[in-house]
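One structure follows; several queries about it will come next.
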Amino acid sequence: MSHIRIVSPSLGRSNRVQSHLLLPGLEYVVQESEEEEYRAAGVDNLWVCPNEVYGIATVRNWILDNADAERLVVVDDDISKIGRWTGNLPRELSPEEVIENIEMGFQLAEEFGVRLWGMNLIPDKGAYREFTPFSLNNMVLGPFQAFILPVECRFDEELFLKEDYDFCVQMLNRYRKILRVNYLYYVADHHKAPGGVAQYRTVALEKQHMAAFRKKWGSKIVKQDLGKRGSYGGSPSRSLQYDLNPIVKAPIRGI
């Protein structure tokens, strides 16, 4: 199998990055203005991009445009765990096992004929059904996305708070399938730690981007999760809360 390049965009988090502890050989993609800060914090495995490449969607596109590799993995910089379900039992993977499973994921992607693959979004057993180890029309989000390059799609830089969702819909629309290996999962702290997208995320901006995302693809594909007896079910108290994550149902048959 050809070389796999593993990278992680990082901004203002020189003392918080941890994904390299699980992913040997990972390179952090940082701006020129922050290179010295990251090196001073002991982070030397850097891929430096120009300062004008700013914003997560723009950086992701720069990575796709400049990655000199056929197989590319892009992860968040705060991945703390990657695990695997075997039946009802979860098991945390060692760094060596993580790389082995990534290699296997690319092999599966080739066999399924997809150009984008990823892992289950949460480690909760309620999100994993052992009789559905793979799916071909579910979301593969930004904390872990693996590409067989080249791909024609690019991240929408105007939807930088929903760019990973939008990219998946683009890929499904263009290639008709993407692979999610449901028995693998990751744990990340992307909604808690400062830096990165947290520097400019607000509820008002989230609502604006949610509305734009729904307008782009239509309300039949993109829905807002309001709970079990709200607009999509949910108690009245929960329906008043704002969920940052949309529900995406691609009109493509399959699992």
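The values are calculated or read from the model by the stated rules, or taken from the named source; none is laboratory data. Since we're looking at a predicted model, the values are computed, not measured. With ideal geometry, Cβ positions are generated from the backbone for all residues, glycine too; neighbour counts draw on all protein chains shown.
Loosely packed, with under 14 Cβ neighbours inside 10 Å, modelled with pLDDT of 95 or more and of a type outside the set (Ser, Thr, Tyr): is that true of Glu70 in this structure?
Details: loosely packed, with under 14 Cβ neighbours inside 10 Å: no; modelled with pLDDT of 95 or more: yes; of a type outside the set (Ser, Thr, Tyr): yes.
Criteria not met by Glu70.
Is it true that Leu64 is closer than 25 Å to Cys153 by Cβ and either modelled with pLDDT under 95 or in a helix (DSSP H, G or I) (or both)?
Working: closer than 25 Å to Cys153 by Cβ: yes; either modelled with pLDDT under 95 or in a helix (DSSP H, G or I) (or both): yes.
So Leu64 fits the description; yes.
If the Cβ limit is 9 Å and pairs must be 6+ apart or interchain, which residue in the range 60-76 that is more than 17 Å from Pro143 (Cα to Cα) pairs with which residue that is among the small types (Gly, Ala, Ser)?
Partner pairs satisfying both residue conditions: Ala69/Ser2; Glu70/Ser2.
Pick out the one residue from Phe144, Phe134 that is in contact (Cβ under 8 Å) with a residue 12 or more places away in the chain and either over 25 Å from Ser94 (Cα atoms) or buried (at least 22 other Cβ atoms within 10 Å of the Cβ) (or both).
Numbers: Phe134 fails: either over 25 Å from Ser94 (Cα atoms) or buried (at least 22 other Cβ atoms within 10 Å of the Cβ) (or both).
After applying the criteria, what remains is Phe144.
Would you check which residues across the range 210-226 are assigned to a loop (DSSP other than H, G, I, E, B) and loosely packed, with under 12 Cβ neighbours inside 10 Å and list them? First the steps, then the outcome.
Of the residues in the range 210-226, the ones assigned to a loop (DSSP other than H, G, I, E, B) are 218-221, 225-226.
If the condition is that a residue be assigned to a loop (DSSP other than H, G, I, E, B) and loosely packed, with under 12 Cβ neighbours inside 10 Å, then Gly218, Ser219, Lys220 are the ones that fit.
Among residues belonging to the range 97-126 that are part of a helix (DSSP H, G or I) and free of Cβ contacts under 8 Å to residues at least 24 places away in the same chain, point out the one that is nearest to Asp189 (Cα to Cα). Give the derivation first.
Here is the first cut: in the range 97-126, the ones part of a helix (DSSP H, G or I) are 97-112, 125-126.
Adding the requirement that they be free of Cβ contacts under 8 Å to residues at least 24 places away in the same chain leaves 97, 100, 104, 111, 126.
On the way: Glu97: 21, Glu100: 24, Met104: 25, Glu111: 32, Gly126: 20 Å.
So the residue we want is Gly126.
Right, here's the next one. Which of the residues spanning the range 82-96 are modelled with pLDDT of 95 or more and outside any strand (DSSP E or B)?
Scanning the range 82-96 gives Leu93, Ser94, Pro95, Glu96.
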